[in-house]
Every structure is written in structure tokens, then in C-alpha cells.
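**Student:** One structure is given below, represented as C-alpha cells, and several questions about it will come after.
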Amino acid sequence: MNTDTKPHPKTELCDAELMRYSRQILLDGWDIESQLKIKQSSVSLIGMGGLGCMVAPILVRAGVGEVHLFDFDTIDDSNLQRQLLYTQADIGLPKAQIAKQALIEQNSWAAVHSHNIALNDDTIKENLISIKSDLWIDCSDNFDIRQTLNHHSIITSTALLSLSAIGETGQVALFEPKKTGCYACLFGTSMRAAQNCATSGVLASTVAVIGALGADIALHFLGKDQNTLKDTLMVWQGSRTNFQKMKFTKNPSCPICQKSIAL
């Protein structure tokens, strides 16, 4: 049994890591170089609800070297239906902190950091941008936060993976500044989400499907420099067991990404 819990140099994979991640390394198109890229990657997850609780364990178990968890909320009983990192004993405790503890138990080689803070225009620079992650994963359910992340991802040239789930429907898109359209190109800037899990409900399996898909896209991006959803919004309709791909393009009049490019 492997009991090695020490962090290993980021420039190589030790024997224990080669054994741990061997099933990934054996895949066609994946190799030691891909695994090393994953190890050297830094990811920030914004929102440790149902989606964040699905994405984070997959990335940590897959060998992502550094993971930052952002959430200002505490755990309540209604979360336990779909937020898989928490238990009944955790009710009332900070989500980011408890998620960090659970993830370290799954892979002690990962550097997992918790941030019990609400991100907005006033806090994002000091608390998120300063980390310089390779990928931001938006698992929030708040339109204002999504717009804030989109705006700053363009300014900092940071890739933004956007996930959402409500009812039996979910969406996934990966935005790369200067390479693809941005969140505002696709959804605009004036809409306000009238629905969220608290008011409209969400099926646990919907969260699982979207979270797993998001983690898959993240691993391909980090390990193989691939955007498997380039210029595409993936939509899941659970009631029909159906995926749809919807193409989108840069909006030449986008007030967010085109304005930033002009500046």
C-alpha cells in the first residue's frame, strides 16, 4: 500500500506518481508529458456547491498540482442531496474549508487552498487574480459573479470554464481570451438569472453529469492544451437524456472582450 504523502518536485513524476496515475498515462493520446503538465497546473474553482463538489475531486484525484477553492457560504442540510464532499456532521461549517479537508484526504500530494470569501470587483484582484491560475472554473449560480469573472479573465488572459446546472438542464463552455468569444458574446451583459437551485431545484444527477463533463474538458485543456469545446456551448437535457452542441462566435460589438482588445 502506498503511504507516501510528501509533495514531490513539480519537474518530474516519481515512481509513486507513475503508479497512481498509470491508468491515465496508458490512454491513447495521453502520456507522461501530459500527466506532468497536469501536475504543474494551477486551477481556481469559484463556487463549492454541487458543481464544484463534483469537479474538484476529479481534478485532484487526476493529479492537478494546485487547486484553489472559493466559496463564502456554509453547509446546510439541503446541500447534502448533491454536494458530495460534505456530510451531515459538516452542517454549519464553511464549504471551502471542509472541501479542502476532504480533497486532501483523497490526494495529499495536491496543494489545496481554501478561500472563504465572496468574489466581486473589489475582492477579485487581491484574492483570485494574484494567484495566476492556468484556468478558472466558474461553478457559481450568480450572474453578476459570472460577468465579473468573464471581465477579469479577458483582462488577465486567463481561460474561463463556465458550468451551470438547474432543474434537469446543464451547460458547459470554455472561453479562451483572444481565441474564442467570451461569456458576454454568448449570453450578453444585461440578463439576470431569475432561477437558481434554491428557488427552482436541481436534480443531483444533472450536477454530476455537468461536473464530470467540465472536469473532462479541464483535464484536456491542462494536460493536452486542447479546447474540446472551442466556440461551442454544450447543453445537457436530462429529461431527454440528450446533449446538444450550439456553436457561437465572437461578437464584434461585444462591450467586454472587444472593448478590452481595443484598450
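**Student:** Kindly indicate whether SER34 is modelled with pLDDT of 95 or more, under 21 Å from ASP216 (Cα atoms), of a type in the set (Ser, Thr, Tyr) and not in a helix (DSSP H, G or I). Talk me through it step by step, then tell me what you get.
**Tutor:** Working: modelled with pLDDT of 95 or more: yes; under 21 Å from ASP216 (Cα atoms): yes; of a type in the set (Ser, Thr, Tyr): yes; not in a helix (DSSP H, G or I): no.
No: the conditions fail for SER34.
**Student:** Just name the residue that is surrounded by the most Cβ atoms within 10 Å (Cβ to Cβ) out of those in region 10-28 that are hydroxyl-bearing (Ser, Thr, Tyr) and in a loop (DSSP other than H, G, I, E, B).
**Tutor:** TYR21
**Student:** Go through (1) β-branched (Val, Ile, Thr); (2) in a loop (DSSP other than H, G, I, E, B); (3) out of contact with any strand residue (DSSP E or B) (no Cβ under 8 Å at 6 or more places or on another chain) for ILE58 and report which single condition fails.
**Tutor:** Every condition holds for ILE58 apart from (2).
**Student:** How do the pairs read when you match residues in region 206-229 that are under 13 Å from SER34 (Cα atoms) with residues anywhere that are part of a helix (DSSP H, G or I) and aliphatic (A, V, I, L, M), using Cβ under 6 Å and keeping only pairs 6 or more apart or on different chains?
**Tutor:** Pairs found: LEU219/ALA62; LEU222/ILE38; GLY223/ILE38.
**Student:** Okay, next question. Taking region 105-147 as the region of interest, how many residues are of a type in the set (Ser, Thr, Tyr) and buried (at least 21 other Cβ atoms within 10 Å of the Cβ)?
**Tutor:** Residues that pass the stated criteria total 1.
**Student:** Looking only at residues that are touching a helix residue (DSSP H, G or I) at 6+ places or on another chain (Cβ under 6 Å) and free of Cβ contacts under 8 Å to residues at least 40 places away in the same chain in region 52-82, which one is surrounded by the fewest Cβ atoms within 10 Å (Cβ to Cβ)?
**Tutor:** Across region 52-82, the extreme among qualifying residues is ASP73.
**Student:** Among the listed residues SER108, SER133, which satisfies the condition of being within 24 Å of ALA173 (Cα to Cα) and small (Gly, Ala, Ser)?
**Tutor:** Values: SER108 fails: within 24 Å of ALA173 (Cα to Cα).
Sole residue among the options that is within 24 Å of ALA173 (Cα to Cα) and small (Gly, Ala, Ser): SER133.
**Student:** Within region 83-97, count every residue that is exposed (fewer than 15 other Cβ atoms within 10 Å of the Cβ) and under 18 Å from VAL112 (Cα atoms).
**Tutor:** Here the count works out to 1.
**Student:** Filter region 83-98 down to residues that are free of Cβ contacts under 8 Å to residues at least 24 places away in the same chain, within 18 Å of the chain's Cα centre (by Cα) and either part of a loop (DSSP other than H, G, I, E, B) or over 16 Å from CYS139 (Cβ atoms) (or both), then give me how many there are. Break it down stepwise before answering.
**Tutor:** Going through region 83-98, the residues free of Cβ contacts under 8 Å to residues at least 24 places away in the same chain turn out to be 87-94, 97-98.
Going one step further and asking which of them are within 18 Å of the chain's Cα centre (by Cα), we end up with 97-98.
Now restrict to residues that are either part of a loop (DSSP other than H, G, I, E, B) or over 16 Å from CYS139 (Cβ atoms) (or both): 97.
Within region 83-98, residues that are free of Cβ contacts under 8 Å to residues at least 24 places away in the same chain, within 18 Å of the chain's Cα centre (by Cα) and either part of a loop (DSSP other than H, G, I, E, B) or over 16 Å from CYS139 (Cβ atoms) (or both) number 1.
The values are calculated or read from the model by the stated rules, or taken from the named source; none is laboratory data. Quick caveat, the model's predicted, so the values are computed rather than measured. Cβ atoms come from the backbone with ideal geometry, glycine included; neighbour counts cover every protein chain shown.
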